[in-house]
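I have placed the structure first, in the form of structure tokens, so that the comments after it can refer back to it.
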Amino acid sequence: MKTFDDIEVRRPGIARSYLALLGAQPGRPLALFAPRRVGKTFFLDHDLAPEAKAARLLPVYADLWLHKSAPLEAVNHALEEALDDLLVPDSYVGKVARTPVKKMGLLGASVDLGDEPHRRTLPQAAALRLDALVTRLARQHKGQVLLMLDEVQTLGDAPDGVSMVATLRAVLHKRREEVCAVFTGSSQEGLARLMNTAGAPMYQFAQIIDFPILGDEFLRLLAEHFGKVHRGKKLELGELRDGFRQIGFKPALMRDVVKAMSAEGITDVRRGVENYMASDHQVSIWLALLNSVDAFDRGVLVAVAGGQPPLSQATLKRLTAIPGAKPTISKVRSSIEKLKRGGLLSKNALGLTIDDPLFAEFLQKRG
Ligand SMILES: Nc1ncnc2c1ncn2[C@@H]1O[C@H](COP(=O)(O)OP(=O)(O)OP(=O)(O)O)[C@@H](O)[C@H]1O
Ligand SMILES: [Mg+2]
């Protein structure tokens, strides 16, 4: 290991336990939920996909967020790519070599390659195509497909999310011999919406799992590397744990904090987090985030960060201080909806909160 950036924690054991769960309940997907930036996508990519391959499954990844208005198309696209990978050898040469050559002239005269071998075209309708693709891919792979759908809460926001969830559910059930699926999502709010989508609650369909945050192993690796860089200086595990909790268990952020501490040569983690939060770099990110919403929404954010009930009379009164604002309950409601969709606010068991705990602290200090 050479730098802080090379520090990675692999969790093959968790991946294997998820695969075992999938194997034990055919047709039922797992839904992994956790806050933003804690390592869900990293896990799919670095742990689940390799373990799936080792178990002779074919992992296929799709990010539904990238295709927000038509998430099912994103799934189909990923399946089509996977099918292409199986059908078409990597290089173009390989590709043309598989088609019977009709005519070949030397020295660039005329090269006429035969038609690509092709199969019956796939159905146009996204729902039918999903069904056909899954079947075709599994047959081609001669084994089960593992569909990894990232940012699945997007389905809850899509215009026809209800029918999409129903389709997904039907295909995963009908083709349970051919395909299994893992969903991940970050928004508790999106999850709640999804749960009540498509007639039957999602939790009867998918098994919902709290995705585990990284533990001491990651913090120990950070401390170890710090110790190598600064002989004689030591980061305390307990302090690292507190700091990690304070920043919302986000590994990339924690690494940045420790990197900055290393640059400054300090070992007090609490001060490290404080310095990091006060750094120009971080402050400008938060200011940009704040400026991405209008003055009224900013007021609502500050109220939530300050722990005030956003729909209370006291909050409404405070919001009147914003020039031009005529706050009403329904205006605050729609502002909250907007902020939730933008990922700035989220709802958890304790109620409405600022999604990023450090941003919340920043707002409190400014508020
Ligand atoms: N196991 C790990 N070991 C080391 N670093 C990690 C690990 N998992 C995640 N990270 C770091 O945290 C960053 C964020 O992880 P990732 O993108 O997987 O989070 P996420 O939960 O998918 O976030 P989002 O909700 O924004 O999609 C990664 O870019 C990586 O640098
Ligand atoms: Mg992700």
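Every number in this text was worked out from the coordinates using simple rules, so none of it is lab data. Just so it is clear, the structure is predicted and the values come from calculations on it, not from any experiment. Every residue, glycine among them, receives a Cβ derived from its backbone with ideal geometry; neighbour counts consider all protein chains shown.
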Legend entry - Dipole moment magnitude, nearest 20 debye, the chain about Cα centre, only Lys, Arg, Asp, Glu C-beta charged: 540 debye
Inset, instruction - Give the angle, between 0 and 90 degrees and rounded to the nearest 10, that separates the Cα long axis of helix 216-229 from the longest principal axis of the Cα atoms of the chain. - result: 80 degrees
Inset, instruction - Mind pulling the angle between the C-alpha long axis of helix 280-291 and the longest principal axis of the chain? Nearest 10 degrees, somewhere in 0 to 90. - result: 80 degrees
Legend entry - Over 19 Å between alpha carbons, listed pairs Lys53/Lys142; Lys40/Lys174; Lys234/Lys259: Lys40/Lys174
Legend entry - Ranked packing of 150-159, 302-311, most packed first, by mean Cβ within 10 Å: 150-159, 302-311
Inset, instruction - Assuming R0 = 30 Å, can you tell me the calculated FRET efficiency for the pair Glu81 and Leu350, based on Cβ-Cβ distance, to the nearest 0.05? - result: 0.15
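Please report, in cubic angstrom per residue, the volume enclosed by the convex hull of the alpha-carbon atoms of the chain.
208 Å³
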Legend entry - Among beta bridges that DSSP assigns inside the chain, antiparallel share in %, nearest 5: 25 percent
Legend entry - Protection proxy ranking of 323-335, 42-54 - average other beta-carbon atoms within 10 Å, highest first: 42-54, 323-335
Legend entry - 0 to 90° range, to nearest 10: angle between helix 12-24 axis and the chain longest Cα axis: 60 degrees
Legend entry - For a label point 7 Å along the Cα-to-beta-carbon line of Ala24, residues of region 30-59 with backbone N under 15 Å: 30-31
Legend entry - Anchor Lys326: aspartates and glutamates whose Cα lies under 16 Å away (excluding residues fewer than 8 positions away in-chain): Asp294, Asp297
Legend entry - Directionally averaged projected area (convex hull, Cα atoms, region 293-366), nm²: 4.6 nm²
Inset, instruction - Count neighbours as other Cβ atoms within 10 Å of each site's Cβ, and list the GluC sites (Glu not before Pro) in region 233-330 that are DSSP loop with at most 16 such neighbours. - result: Glu236
Inset, instruction - Report the relative contact order of the chain, percent, no decimals, based on alpha-carbon pairs under 8 angstrom and at least 6 residues apart. - result: 19 percent
Inset, instruction - Please sort 13-26, 211-224 by packing, taking for each peptide the average over its residues of neighbouring beta carbons within 10 angstrom, highest first. - result: 211-224, 13-26
